[in-house]
Every structure is written in structure tokens, then in C-alpha cells.
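Chemist: What follows is a single structure, and I will ask about it in a moment.
Just so it is clear, none of the values below were taken in a lab; they were calculated from the coordinates. Predicted, not measured: the structure shown is a model, and the values here were computed from it. Cβ placement follows ideal geometry from the backbone for every residue including glycine, while neighbour counts extend to all protein chains displayed.
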Amino acid sequence: DTEVTQTPKHLVMGMTNKKSLKCEQHMGHRAMYWYKQKAKKPPELMFVYSYEKLSINESVPSRFSPECPNSSLLNLHLHALQPEDSALYLCASSQGTGWSGGNEQFFGPGTRLTVL
Amino acid sequence: AQSVSQHNHHVILSEAASLELGCNYSYGGTVNLFWYVQYPGQHLQLLLKYFSGDPLVKGIKGFEAEFIKSKFSFNLRKPSVQWSDTAEYFCAVNAWSDYKLSFGAGTTVTVRA
């Protein structure tokens, strides 16, 4: 199984709502990532988890809160978002760094988020 | 930190024409190199990758790329494009010891039938 799954596919939320995005992989990967992508722009890294611990936070506002319950799951909790946070949120996973096969990241299909 | 530049912002060509997209990166150490494609309304898909070995790599859908270490380049090519190749193309670079995948700004490719 070389798939990263994400739910939901689409999400519409108000600025006062609390919602969560979910990501799952069963490839035994030890690193998992959250990216934000605006239309026709490259993905922007938000967070990296390595061995279930937060390894990188790219100065993301606290209204985005990541969580890694176990090695296969990654959540992104959303609270008090702004309309400019509307974007495609991508999850990815990889074997990790220093791996002889390279740190190829496998991307999920994304959650298209609209904040009203 | 590594950076990636893609030479073309928007490329328009006719079916059966040849395509070449330029990608240069700045990083002195060992790197992994990738080309991703994103078709309209779809998610990122890996076209091809280079980790080591033969610098000419072949990917899916008839794409290939050549790694030229001395020029810090990883250009993407396809001899004959189809209308279905209309998409956004991203070059990406990852230092061997780093989690971060640095993307270029992307090239929009429009193929006219």
C-alpha cells in the first residue's frame, strides 16, 4: 500500500468553528508532513513529525495545531481560522532522512478548505 | 538551505511539440531531486526522481530528466506532448540529511490540441 489518505476531501467552516483534518499512511514511514497549497503555487511546508515527535514548525500561527497520535496518523486541528487560510492542505509521509533510498515524500490528495 | 528556480512561468505549445522545463537548485551537498505534476483539480503526483546513479532518469507518461551536477540542474523533457499533459509542473530538491523539500515556483504547461 503506497497510499496516503486524507479526510475530509472538502471542508467549509466559519471563523469561529473548530474542525480537524486527518491523514493516514500504512507504509511504515517515520516522517509525516503538513503542507498548505494555494492555487497554482507550490506547497508550503507547515509541520514535520519524525518518530511521532514534532520536528519542524515553520512559524505556523497557533490557530493550526498538529497532532500525531501514532506512527500512522496525523491530525491538523483548526480553530478560529481566517478567510486567507482557505487553501488545499496536503499531508505527506516519507521514510525519513539519511535513508539510502532517498527521502521521497508521498502526498495525499489533500483537503480543500474554505473559511467563510 | 537549498533553493530551487524554475526558468519558465508559463509554457504554451501544440500537441506533438517537444517540451523542456528548466530547473536549477542551489545547494552544495548531496541532494535528492524530484519532478511533480499537478493536473487541474488533482493532487500532486511524482513524475520522476533522482537519488544517485545514472543521471538520466525516466519517469511516468514518457517524461525524462537529466541531472547535471556541474550545472546544478535537473531539466525535465518530453519528446512529444499531448493535450493531457496540460498541468502545473514543480521541481523539488531535498538535501540528503534534511526533511525539508524545497519546491520551485512551478511552471504552468498548456498544450493546445
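Chemist: Cα to Cα, under 12 Å, and not fewer than 8 places away if on the same chain: which aspartates and glutamates meet these conditions relative to A:K38?
Modeler: Leaving aside aspartates and glutamates fewer than 8 places away in the same chain, those within reach of A:K38 are A:E84, A:D85.
Chemist: Which value, in debye to the nearest 20, gives the size of the charge dipole of the protein assembly as shown about its Cα centre, when Lys and Arg are +1 and Asp and Glu are -1 at the Cβ?
Modeler: 320
Chemist: Tell me, what HN-Hα J-couplings in whole Hz come from the Karplus equation 6.51 cos²θ - 1.76 cosθ + 1.60 at θ = phi - 60° for each residue of segment A:71-77, using x for Gly and Pro?
Modeler: Using θ = phi - 60°, the values come out as 5, 9, 10, 9, 10, 10, 8 Hz.
Chemist: Return the distance in nm (one decimal) between the two label points of a simple spin-label model at A:S20 and A:L116, each offset 7 Å from Cα along Cα→Cβ.
Modeler: The modelled label-to-label distance comes out at 2.4 nm.
Chemist: Moving on to the next point. Which entries in A:K41/B:K49; B:K49/B:K71; A:K40/B:K49; B:K49/B:K100; A:K40/B:K78; A:K53/B:K100 show an alpha-carbon gap greater than 26 Å?
Modeler: With Cα atoms farther than 26 Å apart: none of A:K41/B:K49; B:K49/B:K71; A:K40/B:K49; B:K49/B:K100; A:K40/B:K78; A:K53/B:K100.
Chemist: To continue, here is another question. Looking at segment A:1-98, which trypsin sites (Lys or Arg not before Pro) are DSSP coil and have at most 16 other C-beta atoms within 10 Å of their C-beta?
Modeler: Details: sites: A:K9, A:K18, A:K19, A:K22, A:R30, A:K36, A:K38, A:K40, A:K53, A:R63; in loops: A:K9, A:R30, A:K38, A:K40, A:R63.
Within segment A:1-98, the qualifying trypsin sites (Lys or Arg not before Pro) (loop, at most 16 other Cβ atoms within 10 Å) are A:K9, A:R30, A:K38, A:K40, A:R63.
Chemist: Can you compute 3J(HN,Hα) from phi for each residue in segment B:35-50, using the Karplus curve 6.51 cos²θ - 1.76 cosθ + 1.60 with θ = phi - 60°, rounded to whole Hz and x for Gly and Pro?
Modeler: 10, 10, 10, 10, 6, x, x, 10, 8, 5, 10, 7, 8, 6, 8, 10
Chemist: Same structure, new question: In nm², what is the average projected area of the convex hull enclosing the Cα atoms of chain A?
Modeler: Across all orientations, chain A yields a mean hull projection of 7.0 nm².
Chemist: Here's something else I'd like to know. Given H placed 1.01 Å from N in the peptide plane, which residues other than close sequence neighbours of B:L48 have an amide H under 5 Å from its amide H?
Modeler: Under 5 Å from the amide H of B:L48 lie the amide H atoms of B:W35, each far enough along the sequence or on another chain.
Chemist: May I ask you to evaluate 6.51 cos²θ - 1.76 cosθ + 1.60, the Karplus curve with θ = phi - 60°, for each residue of segment B:77-84 and list the ³J(HN,Hα) values in order in whole Hz, giving x for glycine and proline?
Modeler: Couplings: 9, 8, x, 8, 7, 10, 4, 6 Hz.
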